[in-house]
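Have a look at the structure below before the remarks.
The values are calculated or read from the model by the stated rules, or taken from the named source; none is laboratory data. Here the structure is a predicted model, which means the values were calculated and not measured. Reconstructed Cβ throughout: ideal geometry from the backbone, glycine too, with neighbour counts over all protein chains shown.
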Amino acid sequence: MAIQLVLLLLIICYAPTSPTAAGGEAPFYYHCPGTVDGTYAPNSTYRSNLAALAADLIKNATDYGSAAGSFGAAPDVVYGVALCRGDSRGPLCTGYLRDTFDAAMAANTTTTGGGSLCELRKNVTLYYDRFQLRFSGMDFVSGYGNEPEWALNNTNLVDGPVAGRFREHVAALLNATADDAAAQPDRYGTGDSWFQEGGSMVYALVQCTRDMDPGRCRACLQRIVAEMPRMLNASQIGGRVLGVRCLLRYEMSSNSFFHIDNRTLHLQKQPNLSSPAEQPAPNSGGKSKTWPIILAVAGVAVCISCIFLFREVKKRRRRARVRSELRRLSMAVQNVITLWRLEEGNSGFSLYDFSQIKDATNNFSSESLLGKGGFGSVYKGQLPGGPEVAAKRLAACSGQGLLEFKNEIQLVARLQHRNLVRLLGCCIEGDEEKILVYEYMPNKSLDMFIFDKFKRELLDWPKRLHIINGISQGLLYLHEHSTVCVVHRDLKASNILLDAELNAKISDFGIARIFGSNAAQSSTTRIVGTIGYIAPEYALDGVCSSKADVFSLGVLILEIISGKRTGGSYRYNDGKLYCLIAYAWLLWKDGRWRELVDECLGDGRHHASIRACMQVALLCVQEDAEDRPAMDGVVKMLGSNEQASLPEPNHSAYFNVRPGGGGGGGGADADADLYAHAEINLQCRVNIYMFCKIILFPLFVIWFSAC
């Protein structure tokens, strides 16, 4: 009965949480161009030929692991290739391929994200974990081409000192496995090899379609193994390259990702450290059977008790640290407020009563709400006999918000520039209410214009250039002309506010960093900012300098020019997806920079000025921070009329980062959903692993010992 309950728990834990197109699995990659090969009608001859070809491919792939062929006559002939992984044949292969073909041919099929998936497209490519297919109205079968190819890395890195040795080890294992697979009738092979420096086994899987002869299969696999340094970061512990005709995958792990059988190639075996003398002697007698049971039960009880005790101690220490930090920050804020009270008469900074802010915002009504941030809400208010204001109300019990509140009142109130948002004052009421009061910006933030398909038309190029110059002047003041060097660290479109005349003002200095007069940069272990705007040296190494703001400015200028979000993904002519800065650099390198320009600016009158701004932006987003100009250089280049004197930009940052998804411009919300989903899956796997390690394994030991 206990074993049955354990099996039931495992089934519940591993059950899929959301249905998708094929067998509860979403595709790693799909490519369904709608303009090259066109579409077909639901009741057309092409669809009938596709259905007949699908039945033939499913049958042969089920029996032999892969199939290729064609059906019909021109102009409605259909070519197709289907492949199931060598350890996933039979009914499993049949079910996967049938569901996928049905999904690809259905007119109303949607992805898990709600968008259309290959609706009535003639040219379709779908890559899943254990199976894949491609069909098209053009003959791609006879040439044995492997396009489109798609690569994906495991996110964990091998230790730096052994990275080179690991790459050689992986290449040797893949080549040996490829030789073995090419000699097999089904062109499928697996292998493993012990990597001594990493203390773990490396597993490899390769496969070709069955209709390829051994020489052609070996050449296909050899090519993608040779191109792995270009397609993958070989210093990471796993990766895969998927193609129509051949594929490979490797992982360094404690468990294999495929079924190991007598065909699996064992290149280097794990060394056996135990000698026969160290092996326990066989037990005899009834009493010896009870000791393992007693020890196992005691071990389980001790482990569970230690885990609960550790978690309780850790929770109490965390609460104590949070309370101490809140008290420290609260005292720091009170000290700053005391100084402002002494200087209030000539500082231009006011200390408001809570009742004043409450009346000005109509008791913080929903009608006055302008928006919500990470640590509080912002309300519009009208002070009696005074200007309109924006009141940022800090969320109660927010330690990070309290730190940002302290930074703002210490820093922003002393910074005075026409391109910085003005902090009028603040309000503190007891320990609960902390409010920052800013000048009100009637046009809100820049992102509400450039990313809106209607409002973007209100910003012609002279207005956009005026905004770019205003942001640059504000950053120049922060970096070089204020009393201290201030690095903003979160420059983005939503933090650029626009007044009634569309003058740009930089806002939100909650995570800004102050540098002394002799410090050019600093290192930190806490990375803050917004994905897509963070400089690579800051994101990867924690190196923070004014060049990080220059990088963010370059990204922001590209967004203003293109009307595209940095969080999107954009497909280039090579069929691959790129982030915005890499996409812009490719267009610039190929002399096609006009394709990036927002269609609202396409009249051609300002192309020379737009080209110069794009060149400055690409200089700001160069991969090496030393190559980027300082802010005084950026301002000079933006104001220069001599375009020929501008230097040519080098390689952009994040060029090898591949955005997820199959679309051409997904936003930050979609990325957030993707990361949240991945985090939930990871946490579920960790919980399952801990459950098996702490509960199931000792129970198995008890049951085995009793038997």
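Can you confirm whether S330 is touching an Asp or Glu at 6+ places or on another chain (Cβ under 9 Å), modelled with pLDDT under 80 and either of a type outside the set (S, T, Y) or assigned to a helix (DSSP H, G or I) (or both)? Yes: the conditions hold for S330.
Is it true that some residue in the range 532-539 is crowded, with 20+ Cβ neighbours inside 10 Å, in contact with a strand residue (DSSP E or B) (Cβ under 7 Å, 6 or more places away or on another chain) and acidic (D, E)? Looking for residues that are crowded, with 20+ Cβ neighbours inside 10 Å, in contact with a strand residue (DSSP E or B) (Cβ under 7 Å, 6 or more places away or on another chain) and acidic (D, E), one finds at least one in the range 532-539, hence yes. Residues in the range 160-198 that are without any contact (Cβ under 8 Å) to a residue 12 or more places away in the chain and touching a Lys or Arg at 6+ places or on another chain (Cβ under 7 Å): none. Would you mind stating whether R418 is of a type outside the set (F, W, Y), at pLDDT 85 or above and outside the structural domain of L502 (by TED's automatic domain parsing)? It is true that R418 is of a type outside the set (F, W, Y), at pLDDT 85 or above and outside the structural domain of L502 (by TED's automatic domain parsing).
If you go through the range 549-558 one residue at a time, do you hit one that is within 20 Å of L476 (Cα to Cα), part of a helix (DSSP H, G or I) and among the aromatic types (F, W, Y)? Let's see the steps before the verdict.
Step one: of the range 549-558, the residues within 20 Å of L476 (Cα to Cα) are 549-558.
Imposing the further condition that a residue be part of a helix (DSSP H, G or I) reduces the set to 549-558.
Those left that are additionally among the aromatic types (F, W, Y): 551.
Yes: one or more hits.
Scan the range 64-87 for residues that are farther than 15 Å from D99 by Cα and either in a loop (DSSP other than H, G, I, E, B) or touching a Cys at 6+ places or on another chain (Cβ under 9 Å) (or both) and the total you get is 11.
When each of R165, R89 is tested for being over 28 Å from the mean Cα position of the chain (by Cα), under 28 Å from H266 (Cβ atoms) and modelled with pLDDT under 90, the lone residue that passes is R89.
Of the residues R245, R263, R210, only one is over 26 Å from the mean Cα position of the chain (by Cα) and surrounded by fewer than 16 Cβ atoms within 10 Å (Cβ to Cβ); which? Before the answer, list the steps.
Numbers: R245 fails: surrounded by fewer than 16 Cβ atoms within 10 Å (Cβ to Cβ); R210 fails: surrounded by fewer than 16 Cβ atoms within 10 Å (Cβ to Cβ).
Within the list R245, R263, R210, the selection yields R263.
Note on the range 563-582: among residues that are closer than 14 Å to S652 by Cβ and out of contact with any Gly (no Cβ under 9 Å at 6 or more places or on another chain), the one that is surrounded by the fewest Cβ atoms within 10 Å (Cβ to Cβ) is Y572.
In the range 59-74, the qualifying residues are those that are in contact (Cβ under 8 Å) with a residue 40 or more places away in the chain and within 16 Å of S136 (Cα to Cα), and the one that is surrounded by the fewest Cβ atoms within 10 Å (Cβ to Cβ) is G69.
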